[in-house]
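The values are calculated or read from the model by the stated rules, or taken from the named source; none is laboratory data. Only a predicted model underlies this, so the values are computations on that prediction, with no experimental measurement involved. Here the Cβ is made from the backbone with ideal geometry for all residues, glycine too, and neighbour counts use every protein chain on show.
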Amino acid sequence: MNVSTPAARERVKIFDTTLRDGEQCAGASMTFEEKIQVAELLDALGVDVIEAGFPIASQGDFEAVSEIARRLHTAVPCGLARAAVKDIDRAAEALRNAHAFRIHTFISTSPVHMKYKLQMEPDAVLEKVFASVARARSHTDDVEWSAEDATRTEFDFLCRCVEAAIKAGATTINVPDTVGYTTPEEYASLFRRLIEAVPNSDKAIFSTHCHNDLGMAVANSLAGVTGGARQIECTINGLGERAGNAALEEVVMAIRTRADVLPFTTGIKTPMLMQASKLVSTVTGFPVQYNKAIVGKNAFAHESGIHQDGMLKHVETYEIMRPEDVGVRETNLVMGKHSGRHAFREKLKDLGYELGDNAFEQAFDRMKALADRKKHVYDEDIEALVEDGIAGAAEGAKVIALTVIAGTGGPQKAIITMDVDGTHITKEANGTGPVDACFNAIKAILPHEARLSLYQVHAVTEGTDAQAEVSVRLEEDDRVATGRGADVDTLVSSAKAYVAALNKLSIRREKANAPGVDGAEPVRVGERV
């Protein structure tokens with residue numbers, strides 16, 4: 001069979017669970033607005049199914065799933081539900097305004113889960129499988145059933161559960177490697193055996209769902225497809241609890257790049273992968289590691305002289321993918337203090353930015369100022385200063401000037417001047433450290449009761465003169481806001497990030513206090529697949 005022809009390449013569905021399983025990653029919770037933003041990008045990316053959340057978990061999760069379901073154009077929204085009537089009905093209620101929707105219900109099937117987690121006998125679990133799928137099927141003809149901890153489940157019992165689920169109306173059967181335990185050979189074999197042993201297996205699509213505890217989530221997912229699965233469950237950047245999930249960008253590009261051994265295709269628009277990666281990284285505050293496959297900073301970087309020589313002679317000597325295929329735009333333009341406006345505008349276009357005249361002039365001035373303060377201005381520097389300028393344009397309060405007195409010999413003091421509604425206000429405050437002093441000085445100008453739940457710093461580029469990019473997350477009642485700031489001075493970027501988060505909280509506070517707006521109930525930790 002000639003696998004290179006389109007007719008020979010079978011379609012594999014991409015089921016994205018960044019907003020559900022990915023958000024279960026410790027510290028990765030997203031706000032309502034951030035979930036909507038991610039969902040709309042996933043829809044444009046070409047994802048087949050978007051698992052938008054766990055509607056029974058909280059009122060906030062319910063509202064997010066409901067709004068996402070209403071907004072999606074092509075992707076099918078999905079809600080997770082345990083094997084309980086209340087869970088399933090709540091999911092259906094959240095999804096009812098979608099053009100079409102899927103309910104994903106699950107129950108544990110492994111001996112260790114049934115004994116210690118569920119405290120149920122196998123026959124009782126089997127009855128729950130049939131009843132839960134039947135209940136979900138009463139709401140929609142698109143029902144997915146998952147055997148939680150399937151890879152540690154006794155094979156005969158797993159077959160009985162899968163057969164019951166399909167008989168009750170499940171159209172997708174998910175076989176999750178919940179704890180990242182299996183290996184590629186085992187996982188491929190499991191799918192082959194299941195599809196062969198279950199009498200009605202031809203009436204459902206089988207799906208992979210792999211965790212990365214042993215670093216094999218992507219390899220296992222691809223192996224599952226070779227074993228007969230035709231849906232892969234994954235997340236952007238491999239986000240997920242513990243070591244994460246299979247990374248969407250990696251499975252998609254593996255299928256695209258190795259069509260010779262993986263004769264499949266997906267509907268993903270791969271030039272949008274970098275954009276999706278950056279958005280998820282920004283809203284969660286989780287930076288992408290430099291050597292991350294496909295979307296890492298160094299994925300298409302070559303420093304070795306031998307590699308550079310090979311690349312200059314022929315790009316395929318060291319690159320198996322084209323950077324533009326994943327949304328990375330290479331350029332020969334090097335920015336510095338001698339660069340002109342025309343070169344800078346072309347650089348911005350190469351990086352994916354189209355700015356209006358005023359925004360462009362402001363960005364150009366910031367680039368010139370940055371070039372006077374550090375030796376090399378990298379693409380990442382430009383992206384950071386442009387994003388910082390975009391964020392700053394929408395702020396209510398702004399940092400104008402900051403002076404910090406720090407050291408071992410005395411109290412840490414910060415003196416800050418801010419623009420608040422057109423008025424410049426200066427305050428000073430002490431702190432246990434320079435950052436604490438900065439935040440206390442800001443609080444003296446903008447009083448609040450918000451709690452700092454995240455403070456994260458990373459260098460945009462290498463070198464002691466690198467820009468520092470700071471992420472700050474503040475929590476106030478049931479509201480959460482994340483702010484970001486970038487500057488060559490870490491304390492200035494910290495102040496910018498803190499003020500940006502306060503501005504977002506202020507906006508959300510006003511929305512929450514508007515007539516007819518109810519506060520969200522506290523989030524309850526949900527079950528996991």
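Laid out as a table, the results:
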read-out: Strands (runs of 3 or more DSSP E) lying entirely in region 410-464 (those with 2 or more residues that are of a type in the set (S, T, N, Q) and either over 30 Å from the mean Cα position of the chain (by Cα) or more than 18 Å from Ser506 (Cα to Cα) (or both)); value: 412-420, 423-431
read-out: Some residue of region 196-206 being aromatic (Phe, Trp, Tyr), surrounded by fewer than 24 Cβ atoms within 10 Å (Cβ to Cβ) and more than 18 Å from Ala84 (Cβ to Cβ); value: yes
read-out: Scope region 127-146; condition assigned to a helix (DSSP H, G or I) and either modelled with pLDDT under 95 or among the polar types (S, T, N, Q) (or both); matching residues; value: Ser132
read-out: Those residues of region 80-98 which are outside any helix (DSSP H, G or I) and either within 18 Å of the chain's Cα centre (by Cα) or under 15 Å from Asp141 (Cα atoms) (or both), in sequence order; value: Leu80, Arg96, Ala98
read-out: Among the candidates Glu23, Glu40, Glu34, Glu51, residue that is outside any loop (DSSP other than H, G, I, E, B) and either among the β-branched types (Val, Ile, Thr) or touching a Cys at 6+ places or on another chain (Cβ under 7 Å) (or both); value: Glu51
read-out: Unique residue being farther than 29 Å from Ala501 by Cβ and surrounded by fewer than 24 Cβ atoms within 10 Å (Cβ to Cβ) when the list is Asn220, Asn212; value: Asn212
read-out: Test for Lys337: is it surrounded by 12 or more Cβ atoms within 10 Å (Cβ to Cβ) and at pLDDT 75 or above; value: no
read-out: Residues satisfying the stated conditions in region 427-454, i.e. without any contact (Cβ under 8 Å) to a residue 24 or more places away in the chain and not aliphatic (A, V, I, L, M); value: Lys427, Glu428, Asn430, Gly431, Thr432, Lys443, Pro447
read-out: Condition broken by Tyr318, with the remaining ones in (1) over 30 Å from Leu239 (Cβ atoms); (2) at pLDDT below 70; (3) not basic (Lys, Arg) satisfied; value: (1)
read-out: Single residue of Arg70, Arg11, Arg90 found to be in contact with a Ser or Thr (Cβ under 9 Å, 6 or more places away or on another chain) and either more than 23 Å from Pro287 (Cβ to Cβ) or crowded, with 18+ Cβ neighbours inside 10 Å (or both); value: Arg11
read-out: Residue in region 70-79 that is under 14 Å from Thr140 (Cα atoms), touching a residue at least 60 places away in the same chain (Cβ under 8 Å) and not in a helix (DSSP H, G or I) present; value: yes
